[in-house]
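The values are calculated or read from the model by the stated rules, or taken from the named source; none is laboratory data. None of these values were measured; they are calculated from a predicted model. Note that we place each Cβ from the backbone using ideal geometry, even for glycine, and neighbour counts take in every protein chain shown.
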Amino acid sequence: MASCSGEHIPFLGQSRPQPIPPPEPINCPEIPTVEEIPNTPVSGQVYGREFSLDKSDISFPKLRIQHGNLDPQAITVRFVFDILIGASSPVEPIEYNTSKAEGTTYAYGGRYGTERESVWDYRVLATEYVKNLQEDSDVDHYTLWSYGTSLENPDHRVFLQIGQRQGDYLPGKLYLCVPKMATEIQGTFNAKLSLGGGTFVGD
């Protein structure tokens, strides 16, 4: 993602920043094969700007892919993928959910089709926000833009392959293209297994 310019960062006493206008749409190519997805950390463009993977984790049923940290000098982009791996409840151990996800491939769009019965019922949420620096506000962060995807968008392209567990991590490969949001990212991740809570350690 491009370097953060001061015009998008709120400083003490200033009003909240204006939402970033939508970018020009892009064309989404065919989903690459798993061999064609590069063996490098997830990168590409998000909302028309550069994106690179800083960290990822899985707290079932959610895989989170993030660029940046919640600190005063960074804009953070966080993707949340809902991985629907069957009926689950909060009392099920993480080992149970991990075993169901290992070695699984989820795909939607392009050569994989868009029929609900034949593909993973996926949802992706992406939000970009900055830390709120105003002393007199109860708001923790400002959202600059946010979008979600679902099965109602046949022009989307999604491919997610989860590998075999390695200690406390699940490796995988990802391709995602959302034309209207000028978003296309691909590459590998090594997601730390987490019990949940909604935030990464250190945020």
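Taken over segment 170-184, the residue count meeting the criterion of being in contact (Cβ under 8 Å) with a residue 40 or more places away in the chain and surrounded by fewer than 19 Cβ atoms within 10 Å (Cβ to Cβ) is 3. Residues that are crowded, with 18+ Cβ neighbours inside 10 Å and modelled with pLDDT of 75 or more within segment 81-97 comprise Phe81, Asn97, listed in sequence order. For Gln161, the test of being modelled with pLDDT of 75 or more, over 17 Å from Val46 (Cβ atoms) and outside any loop (DSSP other than H, G, I, E, B) is passed. So which residues in segment 168-183 are closer than 21 Å to Pro61 by Cβ and part of a loop (DSSP other than H, G, I, E, B)? Hit for segment 168-183 is Asp168, nothing else.
In this entry, Leu144 is excluded by the filter for residues that are at pLDDT 90 or above and among the hydrophobic types (A, V, I, L, M, F, W, C).
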